[in-house]
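Asks: Let me give you the structure first, and then I'll get to my questions.
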Amino acid sequence: MFLHTADLHLDSALKNLGDAAKAAVRRRELTDTFERMADYARDNDVCAVIIAGDLFDEGSVTFAAQRETAEIIRSHGGVTFFILSGNHDKKAFDDEFISALPENAVILQDGKTLDFGDFTITGVYDGGDNLPVFDKDKFNITVMHGQTGGDINTRRLAGKNINYLALGHLHTYAAGNIDGRGIWVYSGCPEGRGFDETGEKGFVLFDTLGGKKFVPFCKRQLREIKVDITGTDNYMSQVDAARKATEGLPDGDLYKITLVGAMDEGVRAEVKAVSDRLGGSKFFVKIIDETTVKLDERRLSLEKTLKGEFFRVVRELNVSEAEKGEILRYGLAALDGTEMNDD
């Protein structure tokens, strides 16, 4: 049995969280999850872990993280780790890291096929157009990092006797057929790092008999939730709406909550209040305000006041309706003396 993973991005800076303390916790958890996967492989008769690119995030990886990764591999000597570099970690595979790797780590070389009797494994960097036709009597694994339909054309891999194409680069699990014999599979990333990586994350188990399954494994999920606060007129009712929307969901997950709805003039979305109160019970909460202002447009269009004149000028602007709404939202709030949230 094999464990297929990719896009671990160990030692990522995680600046997009905007919270240095929580980013430090998550950075540690990325490595912890790699170690937990290694434990899983050791404890469940997995013969090899296949890493299909982007083991590290080369922009921030430290030598200490490289050495720790090598030590995790060394401490699981009964499992072979086949490693392909990706577009984010090639520079991390420097001489120091490679020299620190134990014997059970195998760096896959471009186009070189390794034969292990019952199965072969081949790392590819160029899209696979020059791959040979593999032995039809063996289980043939090919490992690549890239985008199907882009630099990887799976139609050109048909007829090459590939059984399993282990892919990295796409951070969501996906799978499809190469031909009647082989399949391509993205394991996705084992941990989400930002809110473009929401949902369950994990790895893929497969075997030489054609078995395959996705195994949810992440420490925390990232979740995006929209909360309609139309009709609320104080922060407590907005907090209640946000709490109801997250009721029953794990406190340890990361939440991006977008407040939507039409607010009465003079009423605002209380972003900080909702964030502070919800953040007290959740590991990480980010609040986005996308509410609109419920306007009495007929009254404003006739009103002989500064607000009325502002409304008429904005309505004549040559911009989109969404932009007009945003301008009115901030402008009318300013005229009312109301501080707006721009988080």
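Asks: Would you kindly calculate the translational diffusion coefficient of segment 44-140, applying Stokes-Einstein with the Kirkwood radius from alpha carbon pairs, for 20 °C and a viscosity of 1.002 mPa s, and quote it in µm² s⁻¹ without decimals? Kindly include the intermediate steps, with their values, before the conclusion.
Replies: Numbers: Rh = 14.5 Å.
It comes out at roughly 148 µm²/s.
Asks: For segment 103-178 and segment 196-262, what is the centre-to-centre distance using only Cα atoms, to the nearest Å?
Replies: Going from one Cα centre to the other spans 33 Å.
Asks: At 0.890 mPa s and 25 °C, plugging the Kirkwood radius over alpha-carbon pairs of segment 1-51 into Stokes-Einstein gives what diffusion coefficient in µm²/s? Present the calculation step by step, with values, prior to reporting the outcome.
Replies: Values: Rh = 12.1 Å.
Stokes-Einstein gives a translational diffusion coefficient of 203 µm²/s.
Asks: Then there's this: So for the pair Asp251, Ile327, with labels modelled 7 Å out along Cα→Cβ, what separation do we get in nm?
Replies: Reported label-point gap for Asp251 and Ile327 is 4.7 nm.
Asks: Over the chain, what is the percentage of antiparallel beta bridges among all DSSP beta bridges, to the nearest 5? Walk me through the numbers before you get to the answer.
Replies: Working: 15 of 61 bridges.
Expressed as a percentage, antiparallel bridges in the chain total about 25.
Asks: Taking every DSSP beta bridge with both residues inside segment 111-164, roughly what % is antiparallel (nearest 5)?
Replies: Details: 3 of 11 bridges.
DSSP beta bridges in segment 111-164 are roughly 25 percent antiparallel.
Asks: Here's a follow-up. Excluding residues fewer than 8 places away in the same chain, name every one of the aspartates and glutamates whose C-alpha is closer than 19 Å to that of Lys138.
Replies: Correct list for Lys138: Asp115, Asp118, Asp179, Asp207.
Asks: Report, in cubic angstrom per residue, the convex hull volume of the C-alpha atoms of segment 220-295. Working shown, then result.
Replies: Numbers: hull volume 5.0 nm³, N = 76.
Residue-normalised Cα hull volume stands at 66 Å³.
Asks: Further question on the same structure: Under a plain spin-label model, where a point goes 7 Å from the Cα along Cα-to-Cβ, how far apart in nm are Asp129 and Phe116?
Replies: 3.1
Asks: Give the relative contact order (percent, whole number) for the chain; include only Cα pairs under 8 Å separated by 6+ residues. Please report the intermediate quantities before stating the final value.
Replies: Working: 692 pairs, mean separation 40.4, N = 343.
Relative contact order for the chain comes out at 12 percent.
Asks: Which order, highest average first, do 129-135, 249-255 follow once you tally other Cβ atoms within 10 Å for each residue and take the mean per peptide?
Replies: Details: 129-135: 13.1, 249-255: 16.3.
With the highest mean Cβ count within 10 Å placed first, the list reads 249-255, 129-135.
Asks: Taking the Cα centre as origin and putting +1 on Lys and Arg beta-carbons and -1 on Asp and Glu beta-carbons, what dipole magnitude results for segment 176-228, to the nearest 20 debye? Display every interim value, and only then the final one.
Replies: Details: 9 positive and 8 negative charges, 35 e Å.
With only Lys, Arg, Asp and Glu charged at Cβ, the dipole is about 160 debye.
Asks: Which entries in Lys22/Lys272; Lys15/Lys91; Lys22/Lys213 show an alpha-carbon gap greater than 24 Å? Working shown, then result.
Replies: Working: Lys22/Lys272 18 Å; Lys15/Lys91 21 Å; Lys22/Lys213 31 Å.
In this structure, Lys22/Lys213 lie more than 24 Å apart at Cα.
Asks: I'd like the Kirkwood hydrodynamic radius of the chain, using the inverse of the mean 1/r over distinct C-alpha pairs, in Å.
Replies: On the way: mean 1/r = 0.0434 Å⁻¹.
That comes to 23.1 Å for the chain.
Asks: Same structure again: How do 11-21, 55-65 rank on mean C-beta neighbours within 10 Å, highest first?
Replies: Values: 11-21: 15.6, 55-65: 18.2.
Listed from highest to lowest mean packing, they are 55-65, 11-21.
Asks: Have a look at the DSSP beta bridges in segment 38-180 and tell me what percent are antiparallel, nearest 5. Let's see the in-between values first.
Replies: Details: 3 of 24 bridges.
DSSP beta bridges in segment 38-180 are roughly 10 percent antiparallel.
Asks: What are the membrane-span-like helices in the chain by this rule: whole DSSP H runs, Cα extent along the axis at least 24 Å, mean Kyte-Doolittle hydropathy at least -1.0? Kindly include the intermediate steps, with their values, before the conclusion.
Replies: Details: long enough: 20-43 (34 Å, -0.96).
Long hydrophobic helices here: 20-43.
Asks: Using per-residue counts of other Cβ atoms within 10 Å, averaged over each peptide, order 300-308, 137-145, 107-115, 314-322 from highest down. All intermediate terms of the calculation are to be shown ahead of the outcome.
Replies: On the way: 300-308: 12.8, 137-145: 22.4, 107-115: 14.8, 314-322: 10.2.
Peptide ranking by packing, descending: 137-145, 107-115, 300-308, 314-322.
Asks: Starting from the Kirkwood radius over alpha-carbon pairs of segment 38-77, derive D by Stokes-Einstein at 25 °C in a medium of 0.890 mPa s and give it in µm² s⁻¹.
Replies: Values: Rh = 11.5 Å.
Estimated via Stokes-Einstein, D reaches 214 µm²/s.
Asks: Could you tell me which residue out of Phe116, Val133, Leu55 lies farthest along the dipole of segment 49-151 toward its positive end? Charges go on the beta carbon: Lys and Arg +1, Asp and Glu -1, centred on the Cα centre.
Replies: Result: Phe116, furthest along the dipole toward the positive end.
Taken together, the values in this text are just the output of simple stated rules run on the coordinates, not laboratory data. Every value quoted in this text rests on a predicted model; they were computed, and no experiment measured them. FYI the Cβ positions are ideal-geometry reconstructions off the backbone, even for glycines, and counts take in every protein chain you see.
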